[in-house]
Amino acid sequence: MQTATVLHGRENQIHRKGTAPFAIDCNKDSLAGAVSQRACVFCGSRVVLYPIADALHLVHGPIGCAVYTWDIRGALSSGPELHRLSFSTDLQEMDVIFGGEKKLYAALIELIDRHRPKAAFVYSTCIVGLIGDDLEAVCRRVTEEKGIPVLPVMSEGFKGNKREGYQAACRAMARLVGTGDTAGIAKHSINILGDFNLAGEIWLIRDYFQRMGIEVVANITGDGRVDDIRRAHGAGLNVVQCSGATMDLATMMREEYGIPSVRVSYFGVEDMAEALYTVATFFADPEMMEKARAIVREELEKLLPELQRYKAALAGKKAAIYVGGAFKAFSLVKAFRLIGIDVVMVGSQTGTVEDYEELQQITDEGTIIVDDSNPLELSAFLQEKEVDVFVGGVKERPIAYKLGVAFCDHNHERKEMLAGFAGMLNFAREVHDSVMSPVWQFVPRRTKEI
Ligand code: SF4
């Protein structure tokens, strides 16, 4: 067995279940020089707002910030696709010296005239935070001149971690909410928060809710529309997926408009069913609950026999999970269990103490639980635990492949829907195909430290 490499100062951000009473240090800035897997504040904002498809997204900063997040979500839209263009003010040395406000104003006017967006989001980057451009003033001026909401997103990359980017995005959206007409919204209505429609999952989830007789007012933000978000305060309930990204908006809407919220996950069979039951319970409508049960029954009848085939092939394999928000990790632990795979390592970029406490409750003895990890640690953990499949995002993929370990993308870049009942089958298939791929005979598992 190998001993994982842990940088001095990070020891308390790792817990091995069963070796000591539970305690973990988290929800803080990354250790300098640790090469955290986290992204910057700006990137955190960008990933939340990006799927709003009829808005203009203008990155005020050097071109590199815009390129870094260009098409970052790949979020699908059922209509306009303005979100997929990445606009930048392309700040240069002279702008840094003399200020970039004029350039920002000119860019906004040109882009709004050319693309006629429903709203514009203007992202602040590191350099803008340093030179002190007044985004608020420029946005206010353009709002008055062009008659659409132009919203500054105060997301200077250096000012914290990705979680603060989520908050900046939520604050920008909160300025939109409450500005639309709520006439005609049904009594049983919800907003879907925290799904980003990477591969069409929000359409599936909306369909489940609509089959239960519920009106979906706004998608926040997958396949999102500005006008829907403007009237989102007319919904009866905010249904929030993921622990970090949009919870702040739900909190703001509760404080401002008295809209309650529930937290759900659409990943894995148990959590998907629980999400439908949670919403039906909230509306206290027996007919709605019966419809939810019928959906679950119908979907499981199709799904379970197929899952059994994958379970037979995968039983006893070992998995590691490293994702952005810990809420997704809860679902993945259960989903792996359903197909016979043991989770031996699980971590997240932005989990809270409560999140990690829950993770240690649902995982087996010996599982490594890690906060804000880095490639060095992750590589060592994968080797130490002799992991067969690693689930993560774009930055985790090369770690797995270099070690000859199968990989499943559960983040920005995937093209396969992994949410809902249909998504569980896709997940099982993808894990199976990656673990069993003949390619591994040419890339043997590396069992020594790299
Ligand atoms: S905002 Fe700052 S940290 Fe983020 S991509 Fe731009 S320069 Fe890099």
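Assorted remarks:
- Among the residues making up segment 196-211, those that are among the hydrophobic types (A, V, I, L, M, F, W, C), surrounded by 21 or more Cβ atoms within 10 Å (Cβ to Cβ) and in contact (Cβ under 8 Å) with a residue 60 or more places away in the chain are 196, 198, 205, 209.
- Screening the candidates 132, 180, 165 for the property of being touching a Lys or Arg at 6+ places or on another chain (Cβ under 9 Å), farther than 14 Å from residue 42 by Cα and either buried (at least 16 other Cβ atoms within 10 Å of the Cβ) or among the small types (Gly, Ala, Ser) (or both) yields one hit, 180.
- Only strands (runs of 3 or more DSSP E) whose full extent lies in segment 341-429 are considered here, and the ones with at least 1 residues that are of a type in the set (Asp, Glu) are 342-348, 368-371, 406-409.
- Among the residues of this structure, residue 263 counts as one that is surrounded by fewer than 22 Cβ atoms within 10 Å (Cβ to Cβ), at pLDDT below 95 and basic (Lys, Arg).
- Unique residue being assigned to a strand (DSSP E or B) and in contact (Cβ under 8 Å) with a residue 24 or more places away in the chain when the list is 151, 111: 151
- Top-ranked residue of segment 140-163 - restricted to ones that are of a type outside the set (Val, Ile, Thr) and away from the ligand (no atom under 16 Å from the Cβ), ranked as nearest to the chain's Cα centre (by Cα): 151
- Some residue of segment 164-177 being away from the ligand (no atom under 16 Å from the Cβ), among the acidic types (Asp, Glu) and in a helix (DSSP H, G or I): no
Here is a yes/no grid of residues against (1) modelled with pLDDT of 95 or more; (2) in contact with a Leu (Cβ under 6 Å, 6 or more places away or on another chain); (3) of a type in the set (D, E, K, R):
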{"residue": "339", "(1), (2), (3)": "yes, yes, no"}
{"residue": "344", "(1), (2), (3)": "yes, no, no"}
{"residue": "349", "(1), (2), (3)": "no, no, no"}
{"residue": "365", "(1), (2), (3)": "yes, no, yes"}
{"residue": "370", "(1), (2), (3)": "yes, no, no"}
{"residue": "382", "(1), (2), (3)": "yes, yes, no"}
{"residue": "406", "(1), (2), (3)": "yes, no, no"}
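- Residues being among the polar types (S, T, N, Q) and either away from the ligand (no atom under 16 Å from the Cβ) or over 31 Å from the mean Cα position of the chain (by Cα) (or both) - total across segment 90-131: 1
- Exactly one residue out of 218, 280 is closer than 30 Å to residue 350 by Cα and either in a helix (DSSP H, G or I) or touching a residue at least 40 places away in the same chain (Cβ under 8 Å) (or both), and it is 280.
- Restricting segment 40-53 to residues that are farther than 13 Å from residue 246 by Cβ and in a helix (DSSP H, G or I) leaves a set whose member that is nearest to the ligand (Cβ to nearest atom) is 42.
- Residue pairs meeting the criteria (Cβ under 7 Å; at least 6 apart or on separate chains; first farther than 18 Å from residue 323 by Cα and at pLDDT 85 or above, in segment 31-52; second within 14 Å of the ligand (Cβ to nearest atom) and polar (S, T, N, Q)): 42/125; 42/155
- Scan of segment 59-79 for residues that are within 14 Å of the ligand (Cβ to nearest atom) and either in contact with a helix residue (DSSP H, G or I) (Cβ under 6 Å, 6 or more places away or on another chain) or of a type outside the set (Gly, Ala, Ser) (or both), ordered by number: 59, 60, 61, 62, 63, 65, 67, 68, 69, 70, 72
- Unique residue being farther than 23 Å from residue 167 by Cβ, more than 12 Å from the ligand (Cβ to nearest atom) and buried (at least 18 other Cβ atoms within 10 Å of the Cβ) when the list is 56, 7, 82: 82
The values are calculated or read from the model by the stated rules, or taken from the named source; none is laboratory data. Please read all numbers here as calculations on a predicted model, not as lab measurements. Using ideal geometry, Cβ is built from the backbone for each residue, glycine included, and neighbour counts are taken over all protein chains shown.
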